[in-house]
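Colleague: The structure is given below, and queries will be raised subsequently.
Read-outs: derived from the displayed coordinates by stated rules, not from any lab. Given the structure is predicted, the values throughout are model-derived calculations rather than measurements. Glycine gets a Cβ as well: all are built from the backbone with ideal geometry, and neighbour counts include every protein chain shown.
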Amino acid sequence: MPRTSRGTLELRPLKISRKVNRYAEGSCLIEMGHTKVLVTATLEKKVPFHVKGTKQGWLMAEYNLLPRATHERISRERVANGGRTQEIQRLMGRAFRSCVDLGAFRDQTIIIDADVIQADGGTRVASIIGGYVALHDLTERLFNSGKITDWALTHEIGAISVGMVDGEIRVDLDYQEDVKAEADLNIIATGSGQLIEVQGGTEKDPIDKNKFAEMVEIGVLSVQDIVKIVKEQL
């Protein structure tokens, strides 16, 4: 099924509403097409056991798919997080820790919470983009108030999904494209084009390594476009 509303390498409309939570140190509502995620950044004055005594802070992420974020209601994960949720939380944590100087938050923990309000593909990449915005606003708030003396973010980050659908490479897949993709990657990179993580693979048949590399390269370029959009909104 060819794309009719946008080009194969064209992003969905990206909208970021900042400071939507009056209580959180950083927050935003991010909308990528029909996908909507509410993200908050919180600073707590404690660290996990493995960080105590290291003169460092810590950062962790939590991800949640709200019950009617999808076509059918999904029950809340009340006891333990499922495998997909844990995978996304770890991905987010690694992404954010790659761009923040945790020494600036000694004996403190930053928590990024991403709650998916509506899902139409790309919820994890939207959570990472929105999480970076919330983290930026948390850092700005603490820096301007003198609670940290140096700017703690080392570089900008962004994320995008890249898929092979009907033999063609497409970026920023919606749900209908995602479920039929022959290959599907999530690319996390910096604004300068450096890779942070590539997650994903083929859904059925193996893919040529050169085509895989092309998907990664296209994803990195798309992330740079996203970072430019985010910087304009910041």
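Colleague: Could you tell me which of the pairs LYS45/LYS147; LYS52/LYS147; LYS180/LYS228 are separated by over 18 angstrom between their Cα atoms in the structure shown? Working shown, then result.
Modeller: Details: LYS45/LYS147 13 Å; LYS52/LYS147 20 Å; LYS180/LYS228 30 Å.
From the list (LYS45/LYS147; LYS52/LYS147; LYS180/LYS228), the Cα-Cα distance tops 18 Å for LYS52/LYS147; LYS180/LYS228.
Colleague: Additional query: Tell me, how many Å apart are the Cα centres for region 1-76 and for region 210-233?
Modeller: Comparing the Cα centres of region 1-76 and region 210-233, I get a distance of 19 Å.
Colleague: Next up: Where does the chain land at 222 nm, in deg cm²/dmol rounded to the nearest 500, when only DSSP H runs of n ≥ 4 count, each adding -39500 (n - 2.57), divided by all residues? The partial results should precede the final answer.
Modeller: Working: 4 runs with 66 residues, N = 234.
Computed mean residue ellipticity for the chain: -9500 deg cm²/dmol.
Colleague: Compute the long axis of helix 83-97 from its Cα atoms, compare it with the longest principal axis of the Cα atoms of the chain, and write down the angle in degrees, 0 to 90, nearest 10.
Modeller: 60
Colleague: Treat every Asp and Glu Cβ in region 52-201 as -1 and every Lys and Arg Cβ as +1, leave all other atoms uncharged, and give the resulting dipole magnitude about the Cα centre to the nearest 20 debye. Could you put the intermediate results ahead of the total?
Modeller: On the way: 16 positive and 22 negative charges, 168 e Å.
Charge dipole, region 52-201, about its Cα centre: 800 debye, nearest 20.
Colleague: Still on this structure: Please list 3J(HN,Hα) in residue order for region 27-35, calculated via the Karplus relation 6.51 cos²θ - 1.76 cosθ + 1.60 where θ = phi - 60°; whole Hz, with x for glycine and proline.
Modeller: Residue by residue, region 27-35 yields 6, 6, 10, 10, 10, 10, x, 8, 7 Hz.
Colleague: Here is a follow-up. Taking the dipole about the Cα centre of region 150-196, with the C-beta of Lys and Arg at +1 and of Asp and Glu at -1, give me whichever of LEU195, ALA159, VAL171 is farthest to the positive side.
Modeller: LEU195
Colleague: Moving to a separate point now. How large is log10 I(q)/I(0) at q = 0.10, 0.13, 0.22 Å⁻¹ when the Debye formula is applied to the Cα atoms of region 61-181, each weighted equally and without solvent?
Modeller: -0.39, -0.62, -1.25
Colleague: Quick one: dipole size for region 1-40, taken about the Cα centre, charges +1 on Lys/Arg Cβ and -1 on Asp/Glu Cβ, in debye to the nearest 20.
Modeller: Details: 8 positive and 3 negative charges, 20 e Å.
Computed charge dipole of region 1-40: roughly 100 debye.
Colleague: Right, something else. Loop-only check: which GluC sites (Glu not before Pro) in region 137-234 are DSSP coil with at most 15 other Cβ within 10 angstrom? Don't skip to the end; give the middle numbers.
Modeller: Working: sites: GLU140, GLU156, GLU168, GLU177, GLU182, GLU197, GLU203, GLU214, GLU217, GLU232; in loops: GLU156, GLU182, GLU203.
Loop-located and lightly packed - GLU182, GLU203.
Colleague: Taking region 142-192, which chymotrypsin sites (Phe, Trp or Tyr not before Pro) meet the DSSP loop condition and have no more than 13 other C-beta atoms within 10 Å? List each step's numbers first, then the result.
Modeller: Values: sites: PHE143, TRP151, TYR175; in loops: TRP151.
Sparse-neighbourhood loop chymotrypsin sites (Phe, Trp or Tyr not before Pro): TRP151.
Colleague: Same structure, new question: Can you give the net charge of the other residues whose Cβ lies under 11 Å from the Cβ of GLY191, counting K and R as +1 and D and E as -1? Please list the in-between numbers first.
Modeller: Working: positive: LYS228, LYS231; negative: GLU156, ASP225.
After counting each charged neighbour, the total is 0.
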